[in-house]
Structures are given as C-alpha cells and as structure tokens.
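K.L.:
What follows is a structure written as structure tokens; I'll ask about it next.
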Amino acid sequence: MPIRFGLRTPLYMLHVRQNTSNPMPGEILNAPAPSRSAAHAARTLPKNLLYSIFARIGGSGLDTDAFETLRASHRGGFLGKAIAYGNRQNEIPGSLIHSLRWHPVRLISFLDRPHYYGAKKKYLDWITARQLATGRYDLFHSWSGDCLRSLQIAKQHRIPSIVEVPTWHRDGGKQKFDQPKTAASPGKLSGFRRWKARLLLHRRRFIEEYKRADLLLVLSETAAETFRFRGFPEEKLFYLPRGVDVERFKPGARPAKFRAVFAGALIKRKGIQHVLEAWHRLNLPDAELWLIGFVHDEAKPFLNQFWRDNIRVVGFVRDPENYLNQGTLFIKRIPYQDGKTYPDNGCNFETFSNQDMQEIESVGPMTKLASDKALEHVENWELVGNVDNFQSENDIDNNLLPKIK
C-alpha cells in the first residue's frame, strides 16, 4: 500500500543522492522553532503518528534521535503518541508520551543482557500493537527489532509504517548460507529454559520486519546497498543521515602527551576488543588511551587481558566533547583507484557522527568476486602529535594540511 503523507519527496530519495553535494535539512538540539512557511503548510501530513522506540526520549545516542523525530512531528502538529522507556525532555508535553519506565519486565532484570533486552523489546512491541489496534493512528514509526507484532497490526488496519534500521540489513551485503544449528531450539527445551529462550530476538524477526514495513530508513548508501542486494526496491529505501552540532564538537587545547580517545559504549559491537588489543600491541611509551562510555560486562575480560597502566576508563559522561577535543591528530590513509566504481558517486569513505561519537569508515571499489576468491582492503594509520589548536579553515590549512601531505 503506498504511503500518502508526503514522505517520498525527491530531496531525500537515495537515487537522487543530493546529500553527497548539498547539506541535508536539520537543526541543532536547542534551535528555536522555525516559522511555518506556506510550502510546509501545503504538504500533506498524517493526523496522528504513533512512534515507538527501545530507548528514552531526550538524552544521548538513540535518545537524541527519538527526541528530534518527535520534536519535528510535534511541531508539525501530527504527533499522536510516543511509547518509550523514559522521558528526559520538557519540550514535548508528557500527555503525548507513554513512558514504560516502571514496566513489569524489570522483575526479570537479573537475566543476562540478550534475554532481558529481548524481553523489553517484545513488551514494547506488545504495548504498541495494542495502541495501533485502537484505530486512532494513521502512521506508525518504529525501529528494527522493536515492532514485529505492531507491523502485523498496522497491516491489518491499513496503517502505513516506517521502520528505522540503525545498521545494515541483518544479513549484510552478502549471500546468506544456512548453517547447521548448534543449540537446541525452544521447542526441544522445557520449563524455565524454554521460557527464557523465547525472550531472545532471532534473525528471522528482523527479516520479517523489513518485509512488512512500507518504508525503511537507512543511514548510508552502503546500508541501502545491503537491502538492494537482497531484492528490496529502491522506492522502499529512504536515506536519513545523521548530523553533528559543530558548535559543541570542535578542537580543544593540545594535550601534554599523545592521547587516543574511544567514545561509545564499551561493548563488542562497537569494537572495543579490537581497540584494546591494538593498544596493547602498540605498547606506546609516552601515550594514554581514554575510554569514554558505559562499561558492559562483555568488555571486562578484554580490559583484564589487554590492560596497560596508561589506559584511563572514564565511564559514561554527559559532555563527551570536553574529552574528545583533547585528542591527538589521527590520520587514516586509503588508496583511491582511478577508473574503479565506488558507492555514493565515487566516495571511498563514509562518516557517521552524532553527539556521542564520530566514525569514519573507508570503503574499497565495488568488486564482483567468485565464491572461492578473496579481496584485501588496506588502511594506513598514523598518529601525529604536536598539533596546534585550530578554530578556522585558515588554521586547518596552516596547521593540519602540512602534516597530512
């Protein structure tokens, strides 16, 4: 069923790719409310949006994404209700937010993270599905992994749906081969083990959500390509990149010694195990590594294994910019092969940034490989100290360019 709420505008569509040369519309967290233009008023918008997310509204990480989405829909006059695990902002009225902060799933918080988080996501989905079943909403917006039951109800009531995918397709951009099962399925278990196994989120849940959603929001051209590879039509993919507050995140004073900074949750999914191993192997004599983010249990064995006395675990902070701007210049060199085809109109790197982190990933040329062949992608890394502070483009030209040529 087509979506009729002005969502498929040419400005944003992937096949147009205007974001590669023009800035995307957006605003910083505390920007004043924009004036309502005639063009905006003429757009066709939904009347009652139902939004759900496995996060809080207002804060860091996905909490910020949720707040910005709800801010836009509230200013547009079509926010019906938001369902989330907490509310940390004051701009959007509390009457429009259904907080699950004191949810009954807390009673099983003693379980390990995959089972507990799975239970919380399924509870969120159950509550959201009940809201959709009332028929009061004409648009549903949620996140991958949070909404299978809700999407089923949305289809039954002919409610258009949007699902945000924060990473890539669950199977990535390669062929998925069936692998033999190494553990007993829930049907072969009994009692507590069977009940616990049902809490987990399995791959097939994500795949089914992709299929049932009317529109998928993706963060990058590479993410979109993983869906194209699996046969998803172009019109189902909607490019929604992230932004960064450049007034908040800017260089600071030069540190006394070389300092590397890792900002993000200390979790395997973020690659903390690779950072720690690399730091241990480098064994730099006059340097330090700062780790900024919540320390998850799965990171503790790697901290013990690769620990050095020049590692500082800062933990979670609300002002990561005051730590990030004390770092040293990091240079990543990636060869560019003329005549080869690269994604995003010839780009060999991709950047993701928000108020918590900045990530730069290099990509090689698009290559078709046989099943028995391999491809090597090489990055050359450099760490440069004695970098003067800079606040302008002239400072960059004078202080940084000579060090990277």
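The values are calculated or read from the model by the stated rules, or taken from the named source; none is laboratory data. The structure displayed is predicted, hence computed values, not measured ones. Cβ sites come from the backbone with ideal geometry, for glycine too, and all protein chains shown count toward neighbours.
K.L.:
As an exercise: evaluate residue 250 against (1) at pLDDT below 90; (2) of a type outside the set (Gly, Ala, Ser); (3) within 21 Å of residue 312 (Cβ to Cβ) and give the number of the one condition it does not meet.
P.N.:
Status for residue 250: all satisfied but (3).
K.L.:
If you scan the stretch 101-124, which residues turn out to be surrounded by 16 or more Cβ atoms within 10 Å (Cβ to Cβ) and among the β-branched types (Val, Ile, Thr)?
P.N.:
The one that is surrounded by 16 or more Cβ atoms within 10 Å (Cβ to Cβ) and among the β-branched types (Val, Ile, Thr): 105.
K.L.:
Output yes when any residue across the stretch 282-299 is within 25 Å of residue 112 (Cα to Cα), of a type in the set (D, E, K, R) and not in a loop (DSSP other than H, G, I, E, B), and no when none is.
P.N.:
Checked the stretch 282-299: at least one residue is within 25 Å of residue 112 (Cα to Cα), of a type in the set (D, E, K, R) and not in a loop (DSSP other than H, G, I, E, B).
K.L.:
Got a number for residues in the stretch 272-312 being closer than 22 Å to residue 61 by Cβ and surrounded by 15 or more Cβ atoms within 10 Å (Cβ to Cβ)?
P.N.:
Qualifying residue count for the region: 15.
K.L.:
Continuing with this model, one more query. Among (1) without any contact (Cβ under 8 Å) to a residue 60 or more places away in the chain; (2) touching a strand residue (DSSP E or B) at 6+ places or on another chain (Cβ under 7 Å); (3) part of a helix (DSSP H, G or I), there is one condition residue 98 misses while meeting the rest; what is its number?
P.N.:
(3)
K.L.:
Return a yes/no flag: does the stretch 110-126 have any residue that is farther than 25 Å from residue 227 by Cα, assigned to a strand (DSSP E or B) and among the aliphatic types (A, V, I, L, M).
P.N.:
No, the stretch 110-126 contains no residue that is farther than 25 Å from residue 227 by Cα, assigned to a strand (DSSP E or B) and among the aliphatic types (A, V, I, L, M).
K.L.:
For the stretch 51-92, which positions are surrounded by 19 or more Cβ atoms within 10 Å (Cβ to Cβ), in a helix (DSSP H, G or I) and aliphatic (A, V, I, L, M)?
P.N.:
62, 66, 70
K.L.:
While we're looking at this one, here's another question. Within the stretch 125-157, how many residues turn out to be crowded, with 23+ Cβ neighbours inside 10 Å and farther than 16 Å from residue 213 by Cβ?
P.N.:
Final tally of qualifying residues: 0.
K.L.:
Also: Suppose we filter 350, 277, 235, 298 for residues that are of a type in the set (Asp, Glu), within 25 Å of the chain's Cα centre (by Cα) and in the same structural domain as residue 141 (by TED's automatic domain parsing); which single one remains?
P.N.:
235
K.L.:
Residue 130 versus (1) basic (Lys, Arg); (2) in contact with a helix residue (DSSP H, G or I) (Cβ under 9 Å, 6 or more places away or on another chain); (3) touching a residue at least 24 places away in the same chain (Cβ under 8 Å): which is the lone unmet condition?
P.N.:
(3)
K.L.:
Test of understanding: among 192, 177, which residue is at pLDDT below 95, out of contact with any helix residue (DSSP H, G or I) (no Cβ under 9 Å at 6 or more places or on another chain) and in a helix (DSSP H, G or I)?
P.N.:
192
K.L.:
Further, regarding this structure: Would you check if there is a residue in the stretch 258-266 being part of a loop (DSSP other than H, G, I, E, B) and in contact with a strand residue (DSSP E or B) (Cβ under 9 Å, 6 or more places away or on another chain)?
P.N.:
Yes, that holds for at least one residue.
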